1. Quick check on the stretch 22-87: what does the Kirkwood estimate of hydrodynamic radius come out to from the alpha carbon pairs, in Å?
2. Out of the trypsin sites (Lys or Arg not before Pro) in the stretch 3-83, which ones are loop residues according to DSSP with at most 14 other C-beta atoms within 10 Å?
3. In the stretch 11-124, what is the volume of the convex hull around the alpha carbon atoms, normalised per residue and reported in Å³?
4. Counting C-alpha atoms alone, how compact is the stretch 373-519: give Rg to one decimal and Dmax as a whole number, in angstrom.
5. Set Lys and Arg Cβ to +1 and Asp and Glu Cβ to -1, take the dipole of the stretch 291-376 about its Cα centre, and tell me which of Phe300, Gly359, Ser310 lies farthest positive.
6. Can you give the longest run of the chain that contains no chymotrypsin sites (Phe, Trp or Tyr not before Pro) sitting in a DSSP loop with at most 12 other Cβ atoms inside 10 Å?
7. Of all alpha-carbon pairs in the stretch 360-407, indicate the percentage at a distance above 12 angstrom.
8. If you wrap a convex hull around the Cα atoms of the stretch 76-117, how much volume per residue is inside, in Å³?
Amino acid sequence: MNQLPVKAIVLLLIIVGFNILFGIDGVALLDPDEPVYAETAKEMIRFNEYLSPRIYNEYWYDKPPIFYWLLVGSLKVFGGFSELAARLPACLMAIGAVLMTTISAARQFNARAGFWSGLVMGTTVMIMYMGKASVTDSTLLFFMTGALLCFMHEKYWLMYLFCGFAVMTKGPIGIVFPGAIIFLYLLITRNLRRLLRMHVIPGVILVAAVGMPWYVFMFQNHGMDFIYEFIGFHNISRFTAPLHPKRVHWWFYLPVIILGLFPWTGLLLKSIKDAVARSVGKESTKLLFLQVWWIFVFVFFSIAKTKQVSYMLVLLPALSMIIGWNIERMTCDNGKYQSGWVAGTFVMYLLMGVAWIVGGRQMPEVAMYGIILGAVTLLLGALILLSLKKYSNVETAAWLHVVTGLVTMVIAFGIMMPQLQDRFSVKTIAQTYTATKKDASRVLYIDKFLRPGFMLYTDIPGIEADTNSEKSLEAVKQDSRPKYIVMREFMYNKMKEKMGGENWELLENKKGICIYRSR
């Protein structure tokens, strides 16, 4: 059995840990998703109730509790809320998923393929961004990756255990996805008899033993409200009806994957093709499973009406292992010219370099850093092309990809995001509101998008103003009481007539997040 040397694992953990952990306490939690989970964990502690999640001091049924429990533990260890405490559990789960992928690829292929699989996964833009985020997705990534890799290693009881924890992280998807991927793979390979060795019925019972008690508790204590909200809205409705109608495009996830896999995107198509054309024997069947894995995730969520960038995270281990396998294969090609890698790198580094320069100019506070990052990206791309085209040095080119990932993370998240955070977080406006002398007779309305963050940083729930709901906007208009309104500037300009806000007074504007006062 192939084993990674301890030194290789330590080096990998240093690189990946740095990429994911760097700067997690330097940026406010970003609206609306991150504050939702941190605030729910805070309220679990406040009410001393750890099974029924709450937000705005009221029960709600968005997600099962495992990620909340991880946050609660972190908040208690750190003595209360902080960005570090809120983000650390998700970061550790992301690092754990990378480590599992590394060890699995090493055992299935060889040590070098495992090492590169881990480096690919751990230095992508996708893991840099989502791995730092205080949301459920990296925890789901950990458990779902564990389940699918256990199938590959025929560790079936452990596979079912991982599925149970995935169900307790994000719902039925925790068993539906692994089950569907495995079934499709066995069907394609005409090996459905393997199901007989997988202890399916006792395994499903194990999944239920891990995952069902919380659901039974919630139904017993909250009745059909829990069923309608959790199963009806957060699972079925999100598949059949768009949560964000403007994102309903069949091609939505193509740019997500192209950007999310950078700096390795230039290797993607070549590696997918080589996994079909260049693999032999048992290696080819393992690669086929990885192909089924990522294709199923991509197709399923492309069909689903609700589109979220984070949904693509669960295909990252499969694509990383395919690319890692191919890097190792190319190192054995004895200096052969890799035309597909050269072409892909040229296109992607040129696009990303120009995108950083042009995109940075749209945000004056970071325009200089956008130019720097764009220039560095173009320079590193040129060095990769030189390594491949002139010297056919695969390992040097691969390490330059790693450097690109780390440089992108440090400049984008460590330098640019702290200066941009007020565009994406209500924290500063929330603190401004609490520090300002106010008329106590006025009620407070808060933009639904900003409400979780406002509650997190002030403990003030306010009244929700849903700018996507005609009924909610009409309620704001009909409320004749004097009021303060915290809202995004562009939404106010778009909806002010429907809210009766034509004459509201602007009290504070921080990068497009505002406090208004009715006259």
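The values are calculated or read from the model by the stated rules, or taken from the named source; none is laboratory data. Since the model is a prediction, treat every value here as computed from it, not as a measurement. Neighbour counts run over all protein chains shown; Cβ positions are idealised from the backbone, glycine included. Heavy atoms of the whole protein, side chains included, go into the accessibility calculation; ligands, DNA and RNA do not. Shrake-Rupley method; radii C 1.70, N 1.55, O 1.52, S 1.80 Å.
1. Details: mean 1/r = 0.0839 Å⁻¹.
Radius from the Kirkwood sum: 11.9 Å.
2. On the way: sites: Lys7, Lys42, Arg46, Arg54, Lys76; in loops: none.
Counting only loop positions with at most 14 other Cβ atoms within 10 Å, none of the trypsin sites (Lys or Arg not before Pro) in the stretch 3-83 qualifies.
3. Values: hull volume 13.5 nm³, N = 114.
Looking at the stretch 11-124, the number lands at 119 Å³ per residue.
4. When restricted to Cα atoms, the stretch 373-519 yields Rg and Dmax of 23.1, 74 Å.
5. Phe300
6. Values: sites that count: Trp250, Trp251, Tyr337, Tyr391.
It runs 1-249.
7. On the way: 701 of 1128 pairs.
That fraction is 62 percent.
8. Details: hull volume 2.7 nm³, N = 42.
In the stretch 76-117, the Cα hull volume divided by residue count equals 64 Å³.
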